[in-house]
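Reading through the structure tokens given below for one structure.
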């Protein structure tokens, strides 16, 4: 029995979906914008403190790409919680209970005020908890409201910021031996008309996460849903790794490559070992709806115990961040031990190349824009307090990068995105 | 000689009757009193004990309750009208309150009842629920504490001096009814034998309020999930508490000037309608606490009253509980929606938390008059608390699945202080010099994956503090004073050990240290005006804050704060029936030594930096009866908007002292807005003040007022009160 309650009208827009889907993730901005796009482009930069709650910083819009030394607190800035941000088209979205003090969950939308050029809060959807979300296109978004059901995905219209219905998988996923199961709290991603959502299983106390004591499952399950119909299609499994995405983080640790594939990071972070283990990158190739089981990047092959939490694919190369030391939970926000590497996507046996010209950085963690493509160029987030670096480097060719801008006032960089109509 | 003994005895009895610590009365040496003050003057000075305390070298803001006792005012209202004192309340009667003093708040401020730390009382004698009829006065010390108050108070202390009935037999009864079905009643009964050797009495109060005021809250459309702000009445916000202390004792015996045995019992029950904001309502969660507390107080003077000793003991177990078992959520219309995955509404896991705090409190105070102009003072306070409890739905140690609350956690503290009070130049100059020793011992379990889970540790922290206070009188009605203290706050249990869950232990934690200074001048012309100007400077190091380390958090010594505060306070009697009062407080406390230059020099966040009060009191006599009194009053209270977030100094509001401008950055979502509140009332007192009737309207313009981020306090409310004194 299908329980789709989505507005029918917006599905008339399906032809637009395929064209828009590649712009949904951190690494998916169009390579070369045309003149019209350039005229409407805005750059948004989020900086702030992530040490003392409430984690509040400032979000600032720039009409031009920031360069040189940047003071990110301007009269046009708006106070915003610092736990990263997501972006789609001309909007920025943030999950409301991350970093805040109110306990309320939901999605906050920001857009550029046409009069002032500043970012403003202009839409909000409330949620009863676990509010991971994903914007598929300008009219289609998905979010979690666990009070409406652990096995339901809520749908919303990002343009109107209103809930439009829900997709109920309660009767679709089959029986489980686990006492607890939820979907979508750690990962929701889409491509080619399909929505992929994580299935977390565990105990009632642990809620299927490593942060509440539940052990790693040793595999990953993703439910595959047809976006147009809302129909559940299947569950796909990848054995040998655990934890795709992240449950309380703007950084969902996945990206759509310019090759049309979805690339996912398994963070491997575990409270039990106070660090990470088994972190990896896996993918679902363009034109398929199942994992590419012949393709995997294992972080432990390069530095045992490190964690991979950002990925970007462009022009046949995969860029990611790998630590030179094993991760410790105690220092995951401060250890400046991470380098950026480039892999040959279709030749993983070839050793990755370290991106030159960039100092080591802290962990990208909550920043979904750890590596981001803007104006067709690859930008790398760098925070290195010892060298007073706090901004982005841009790939300049031949696996080297140069400093694009450095934030000297405003706090640590936690988000950087290009917004366009 | 006999005359001298009579005077000393009178002075001592007055001291005990007033409940103030002995050092306060001995501000002026006894011999000097005999030499310079005749009996008539002593009798006159007795009612102005509040003023005596307020004019010590160590500056105290003394909130004199006497005038407010007949009014339907709360203690919070009365304290908020004082210069430099800002009470923040998270809702209606019984809601959590905190005092802000010179930018300090939270654990930096310590609370006392009659000079004894109130930890053993839980919230029972919190100033938010104690009726003003139970209180003689409130002493607020900012940054520099007298020897008699023994606690590791980094930023100040509030000492509530309970009411001491005068006369052989007295009965005071007060009852107040107000909006939101608010009932407040208090009874004070005291009797003693004709020879004064035996006495007994009872102090009791009862509070109840539905607290169902209307607030602007987010009302969610269930279909669209879009919230709009709407006015809704709070629906699960009831508060009820009862408190009673019976006591009996002997006085004026050769072996005891005063021996008082008391038994206190209290119970608090509250509903929780919201949490740290009003974004999400709760409709079933409840909490409360209760305890029965035996106390003993002994006072004895020896050696011609040159040595005075006082001892206080209290032993009790404080029981607290929180119940959160609703399997669903409420909305602001009070509609319940079942949610299968929820075991509670505050948290998804719910709570059946029960905690027991076994307390032992001892305060020993000795003063020794070694010379007519010099008095030594020693004060030792020991507090020990052992916490046990359980929450079947709470945090468990991950490797053993044992409820961490099952494991006892203990914390004991000793605060010892010694001081010398001296008078020079014919009492024109008084000097207080003191040193303090702070020691704590914490015992508990540490969660560690690296070593061993649930490993028991015992940690000790020791520090020395010192202070100095000077007062110089230029005349009878003009004096200046300067005081300073190197104050300390010791880390507490959770700060050392974490919570066994996402807060890690930190055994390297240092005590907080603050160097606090007061400089003030006071001038008055009796019956006409009084004015006071005070400057405060603080420089605080190693403030302990909960720091996010990524996935976990840990208490660390991080922030450094410095700055100055200015308080102006004035009262003017325009004529016999018209009194005017006003005060203002400006605080400029800022971060310094920041690793991130962004907020270097930024004003403390979530801290009011300007607030002011003004009031008009009228007083007419012989209206309906001979010697009756009718008074009317109006109070205006203003708090300048402040911000949840740090704002870089360069982007702070413009205007003089930032009082009128707006921030030069958009922090609209982080504002605790300007608050303006008007209160009016009138009071009629019968001849002899045996009967008093009063009416008060608070927040008469129904302004939306917030003390905390997105938690609205009550709007306009009406209150009537009757006082009977027999």
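The values are calculated or read from the model by the stated rules, or taken from the named source; none is laboratory data. On a predicted model such as this, the values are computed, not experimentally measured, just so you know. Don't worry about glycine lacking a Cβ; one is built from the backbone with ideal geometry, like all the others, and counts go over all protein chains shown.
Which number in (1) buried (at least 19 other Cβ atoms within 10 Å of the Cβ); (2) part of a strand (DSSP E or B); (3) within 13 Å of another protein chain (Cβ to nearest Cβ) marks the one condition that residue B:558 misses?
Unmet for residue B:558, out of (1) buried (at least 19 other Cβ atoms within 10 Å of the Cβ); (2) part of a strand (DSSP E or B); (3) within 13 Å of another protein chain (Cβ to nearest Cβ): (1).
Could you tell me how many of the residues in the range B:337-352 are more than 12 Å from every other protein chain (Cβ to nearest Cβ) and loosely packed, with under 15 Cβ neighbours inside 10 Å?
Total meeting the criteria: 0.
Here are the criteria: (1) assigned to a loop (DSSP other than H, G, I, E, B); (2) surrounded by fewer than 17 Cβ atoms within 10 Å (Cβ to Cβ); (3) at negative phi. Tell me which single one residue A:174 does not satisfy.
(3)
Please give the number of the condition residue A:313 fails out of (1) in contact (Cβ under 8 Å) with a residue 60 or more places away in the chain; (2) more than 23 Å from residue A:256 (Cβ to Cβ); (3) more than 14 Å from chain B (Cβ to nearest Cβ).
Every condition holds for residue A:313 apart from (2).
Taking the condition surrounded by fewer than 20 Cβ atoms within 10 Å (Cβ to Cβ), touching a strand residue (DSSP E or B) at 6+ places or on another chain (Cβ under 8 Å) and not in a strand (DSSP E or B), does residue A:217 pass? Write out each step before concluding.
Working: surrounded by fewer than 20 Cβ atoms within 10 Å (Cβ to Cβ): yes; touching a strand residue (DSSP E or B) at 6+ places or on another chain (Cβ under 8 Å): yes; not in a strand (DSSP E or B): yes.
Criteria met by residue A:217.
Return the only residue of A:96, A:161 being within 15 Å of residue B:227 (Cα to Cα), at pLDDT below 95 and either within 12 Å of another protein chain (Cβ to nearest Cβ) or crowded, with 21+ Cβ neighbours inside 10 Å (or both). Even if it seems obvious, please write down each step before you answer.
Details: A:161 fails: at pLDDT below 95.
When all the criteria are applied, what remains is A:96.
Give just the number: which of (1) more than 9 Å from chain B (Cβ to nearest Cβ); (2) within 24 Å of residue A:147 (Cα to Cα); (3) buried (at least 23 other Cβ atoms within 10 Å of the Cβ) does residue A:110 not satisfy?
Condition not satisfied by residue A:110: (2).
Among the residues of the range A:270-281, how many are crowded, with 24+ Cβ neighbours inside 10 Å and within 13 Å of another protein chain (Cβ to nearest Cβ)?
Adding up the residues that qualify gives 1.
Residue by residue, here is whether (1) over 25 Å from residue A:145 (Cα atoms); (2) over 24 Å from the mean Cα position of the chain (by Cα) holds:
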{"residue": "B:319", "(1), (2)": "yes, no"}
{"residue": "B:329", "(1), (2)": "no, yes"}
{"residue": "B:332", "(1), (2)": "no, yes"}
{"residue": "B:335", "(1), (2)": "no, yes"}
{"residue": "B:357", "(1), (2)": "yes, no"}
{"residue": "B:361", "(1), (2)": "yes, no"}
{"residue": "B:377", "(1), (2)": "yes, yes"}
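Being within 14 Å of chain A (Cβ to nearest Cβ) and part of a helix (DSSP H, G or I) is the filter here; which residues of the range B:658-694 pass it?
B:668, B:669, B:670
When you scan the range B:85-152 for strands (runs of 3 or more DSSP E) that lie fully inside it, which ones turn up with 2 or more residues that are touching a helix residue (DSSP H, G or I) at 6+ places or on another chain (Cβ under 7 Å) and without any contact (Cβ under 8 Å) to a residue 24 or more places away in the chain?
On the way: elements: B:85-89, B:97-101, B:109-113, B:135-142.
No strands (runs of 3 or more DSSP E) qualify here.
Only one of B:215, B:204 is buried (at least 16 other Cβ atoms within 10 Å of the Cβ), closer than 30 Å to residue A:160 by Cβ and at pLDDT 95 or above; which? Break it down into steps so the answer makes sense when it comes.
On the way: B:204 fails: closer than 30 Å to residue A:160 by Cβ.
None of the other options fit; the residue is B:215.
Please determine whether any residue of the range B:173-190 is in contact (Cβ under 8 Å) with a residue 60 or more places away in the chain and closer than 21 Å to residue B:248 by Cβ.
yes
Going by the structure shown, is residue B:300 more than 14 Å from chain A (Cβ to nearest Cβ) and at pLDDT below 95? Walk me through how you get there before you give the answer.
Working: more than 14 Å from chain A (Cβ to nearest Cβ): yes; at pLDDT below 95: no.
It is false that residue B:300 is more than 14 Å from chain A (Cβ to nearest Cβ) and at pLDDT below 95.
Go through the residues of the range B:648-657 one by one and say whether even a single one is part of a strand (DSSP E or B), modelled with pLDDT of 90 or more, more than 30 Å from residue B:621 (Cβ to Cβ) and within 14 Å of chain A (Cβ to nearest Cβ).
Our first condition is that a residue be part of a strand (DSSP E or B); within the range B:648-657, this holds for none.
No: the range B:648-657 contains no residue that is part of a strand (DSSP E or B), modelled with pLDDT of 90 or more, more than 30 Å from residue B:621 (Cβ to Cβ) and within 14 Å of chain A (Cβ to nearest Cβ).
Which pairs turn up if I take residues in the range B:394-408 that are under 16 Å from residue B:505 (Cβ atoms) and look for partners that are at pLDDT below 75 and part of a strand (DSSP E or B) with beta carbon separation below 6 Å, at least 6 apart in sequence or on another chain?
B:407/B:445
Within the range A:61-78, restricting attention to residues that are without any contact (Cβ under 8 Å) to a residue 60 or more places away in the chain and not in a loop (DSSP other than H, G, I, E, B), which residue is nearest to the other protein chains (Cβ to nearest Cβ)?
Selected residue: A:78.
Return a yes/no flag: does the range A:328-336 have any residue that is within 28 Å of residue A:237 (Cβ to Cβ), buried (at least 17 other Cβ atoms within 10 Å of the Cβ) and within 14 Å of another protein chain (Cβ to nearest Cβ).
Applying the first criterion (within 28 Å of residue A:237 (Cβ to Cβ)) to the range A:328-336 yields A:329.
When the remaining residues are screened for being buried (at least 17 other Cβ atoms within 10 Å of the Cβ), the result is A:329.
The next check asks that each one be within 14 Å of another protein chain (Cβ to nearest Cβ); those that pass are A:329.
The answer is yes; a qualifying residue exists.
Among the numbered criteria (1) away from chain B (no Cβ under 14 Å); (2) surrounded by fewer than 24 Cβ atoms within 10 Å (Cβ to Cβ), which one does residue A:389 miss?
The one condition residue A:389 does not meet is (1).
I'd like to know if the range A:184-200 contains one or more residues that are farther than 15 Å from residue A:144 by Cα, at pLDDT below 95 and either touching a strand residue (DSSP E or B) at 6+ places or on another chain (Cβ under 6 Å) or within 11 Å of chain B (Cβ to nearest Cβ) (or both).
No, the range A:184-200 contains no residue that is farther than 15 Å from residue A:144 by Cα, at pLDDT below 95 and either touching a strand residue (DSSP E or B) at 6+ places or on another chain (Cβ under 6 Å) or within 11 Å of chain B (Cβ to nearest Cβ) (or both).
Report yes if residue B:370 is assigned to a strand (DSSP E or B) and either within 14 Å of another protein chain (Cβ to nearest Cβ) or over 30 Å from residue B:293 (Cα atoms) (or both), otherwise no.
Details: assigned to a strand (DSSP E or B): yes; either within 14 Å of another protein chain (Cβ to nearest Cβ) or over 30 Å from residue B:293 (Cα atoms) (or both): yes.
The answer is yes for residue B:370.
I want to confirm something. Restricting to the range A:240-257 and keeping residues that are over 21 Å from residue A:144 (Cβ atoms) and modelled with pLDDT under 95, which single residue is farthest from the chain's Cα centre (by Cα)?
Of the range A:240-257, the ones over 21 Å from residue A:144 (Cβ atoms) are A:240-241, A:257.
From what's left, modelled with pLDDT under 95: A:240-241.
Numbers: A:240: 23, A:241: 19 Å.
Per the criteria, the residue is A:240.
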